[in-house]
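One structure below.
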Amino acid sequence: MRQIHQVIKRTGSIVPFNPERITNAIYRAAVAVGGRDRRTAEALTQQVIQLLEDNGSPGQIPTVEEIQDAVEKILIENGHAQVAKAYILYRDERARARKERASRASTSSTNIPWEKIWRVLDWAVDHSAHTIAALNERIERNEILEIVHESEAAYQEDVDTAVELIAERSQTVRMVIVSGPSSSGKTTTTIKINQHLQHLGYQLVTLNVDNYFYDLSLHPKDEFGDYDFETPQALDLTLINQHLSRLVAGEEVQIPHYDFKSGARIAKTTPMRLAQNEILLIDSLHGLYEGMTSSVPPEQKFKLYLEPLLQIKDSRGNYARWTDIRLIRRMLRDAAHRAYDPSQTIEHWHYVRSSELRNIIPQIQQVDFIINSAMPYELPLYRHKMLDQFTHWAEQYQNDPLRLDAYERAVRVRDLLSEVLPYPDDSIVPPDSVIREFIGGSIYSY
């Protein structure tokens, strides 16, 4: 006889088994039809567990669906027809709610996903994180750990929904595109999605489109000697499309290799072919750009979009700009992982933003789902880490007409962070958090 210690959720993630959840579900259904006997619910729970243990093989972990099927069976066999009906109706209602939530969350208008933003704002109001003043009050009440937990839970709910949607289309989807502007958290989110899909029997296989860059010698420079890598045309789109169409058809291709030290594609290739249970992953800034994947039919693609959709106002009534959140993230990541001077990041950001507005953000209307990667608690951390530097840049670029963009961004971020209470302790950030992608210390390898 097996002992049940874990459960597989709909997303594929494995969590500890909690019999109390079964009891609560049965009792809730009983209350719906006038019953109030919790002891009976507890006794029925034990029968559900026994049924699962008797029917399962050693080491087998039951799924949520299997547990719910067992609950229905036990209720009916014990003569609780009305309770069973209420339970079935509740189960069906939850399923419809999940689909409705997924549908609403991906709705967008023009370049702004208004429905998604409304839901994020509603969450922020409910958790007193819609203004800097409200956030500061919670920090003063020593509620920073609660803010972390609430923020991470909201993000995880989005990840779970994305996995459910991919799994529902698993018979037709051959490619998952994870896109979004710079430093939106694509890498961490992709890792999490892949882990959940693996529990469902699928595997994401990455096609690294960076290997399709044209030689550096073919890239133009600006007056500062800065290369523009932020445009999709920096990639060999023709070759990418040739390889994509062959890969989704089950053929083998030879993936090129780009040497970033020399700035050129070199005579080295790697063979690649998709297995039956493998789904091609495109993790790219420009994954939604139609010219990158036009050779693959729409029904074979699942398009996911990420953005830190932070909804928080300062004392002047201005919302924090998502691009500024991502600018800070990229500075921290470049400094932590690439030994890159953050002043180069802010000076280069006009390229980043220009390409986003041309090639990334306008594609948001065609996505299947949107994940919000913003964490309100990241602002107190960034105040401690970055305020002094943005104050310095605001002074440095003030009278430099060639750095007007950098100056305006520096002033805006300085003013935002100046209102936030600082929090210097990074240990509050979970090791698997998307924020660890930028500040370091993640359990994941990037």
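What follows draws every value from the coordinates through simple rules; no lab data is involved. The shown structure was predicted, so the numbers you read here are calculated from the model rather than taken from an experiment. Cβ: placed from backbone, ideal geometry, glycine included. Neighbour counts: every protein chain shown.
Sequence-ordered 3J(HN,Hα) estimates for the range 121-127 from the Karplus curve with 6.51, -1.76 and 1.60 and θ = phi - 60° stand at 5, 4, 4, 4, 5, 4, 10 Hz, glycine and proline given as x. Remark on S284: its backbone amide H falls under 5 Å from those of V178, a criterion applied only to residues 5 or more positions apart or on other chains, H modelled at 1.01 Å from N. For the chain, the longest principal axis of the alpha carbon atoms and the long axis of helix 404-418 meet at an angle near 40°.
Straight-line cross-link reach from K85 at under 16 Å between alpha-carbon atoms covers these lysines, not counting any fewer than eight positions away in the same chain: K73. Need the C-alpha centroid separation for the range 1-23 versus the range 387-432, integer Å. Answer, in whole Å: 45.
Computed from backbone phi, the HN-Hα couplings of the range 383-391 come to 4, 5, 7, 10, 4, 4, 5, 5, 5 Hz, rounded to whole numbers (Karplus: 6.51 cos²θ - 1.76 cosθ + 1.60, θ = phi - 60°; Gly and Pro given as x). Over the range 6-99, the fraction of Cα-Cα pairs per 10 Å bin, rounded to whole percents and listed from the shortest bin up, is 16, 50, 30, 4. Using alpha carbons only, the radius of gyration of the range 116-204 set against its Kirkwood radius gives Rg/Rh = 1.08. Put simply, the convex hull of the Cα atoms in the range 267-332 casts, on average, a shadow of 8.6 nm².
Annotation: the residues I443, I360, I147, I4, sorted from fewest to most other C-beta atoms within 10 Å of their own C-beta, follow the order I443, I4, I147, I360. Can you tell me which lysines have their Cα less than 29 Å from the Cα of K385? Leave out same-chain residues fewer than eight positions away. Candidates past the 8-residue exclusion: K186, K192, K313. Charge tally for S262 (other residues, Cβ to Cβ under 13 Å; Lys, Arg +1; Asp, Glu -1): +1. Counting other Cβ atoms within 10 Å as a rough exposure proxy, the listed residues F438, F213 run F213, F438 from fewest neighbours to most.
Enter the Cα centre distance for the pair the range 116-154 and the range 189-206, rounded to the nearest angstrom. When both Cα centres are located, 29 Å separates them. Run through the DSSP bridge list for the range 109-439 and note the antiparallel percent, rounded to the nearest 5. Taking every DSSP beta bridge with both residues in the range 109-439, the antiparallel ones total about 35 percent. Taking other residues whose beta carbon is less than 10 angstrom from the beta carbon of T293, and scoring Lys, Arg as +1 and Asp, Glu as -1, yields +1. Sorting H348, H392 by the number of Cβ atoms found within 10 Å of their own Cβ, with the fewest placed first, yields H392, H348. Other residues whose C-beta falls under 12 angstrom from the C-beta of T23 contribute a net charge of +1, scoring Lys and Arg +1 and Asp and Glu -1.
Work out, in µm²/s and without decimals, the Stokes-Einstein translational diffusion coefficient of the range 109-439 at 20 °C, 1.002 mPa s, Rh from Kirkwood over C-alpha pairs. Write out the running numbers ahead of the final one.
Numbers: Rh = 21.1 Å.
Rounded to a whole number, D works out at 102 µm²/s.
For the range 316-446, the alpha carbon positions stretch 43, 40, 35 Å along the principal axes, listed from largest to smallest.
Measure nothing fancy, just the Cα-based angle from helix 144-168's long axis to the longest principal axis of the chain, in degrees from 0 to 90, nearest 10. Rounded to the nearest ten degrees, it is 80.
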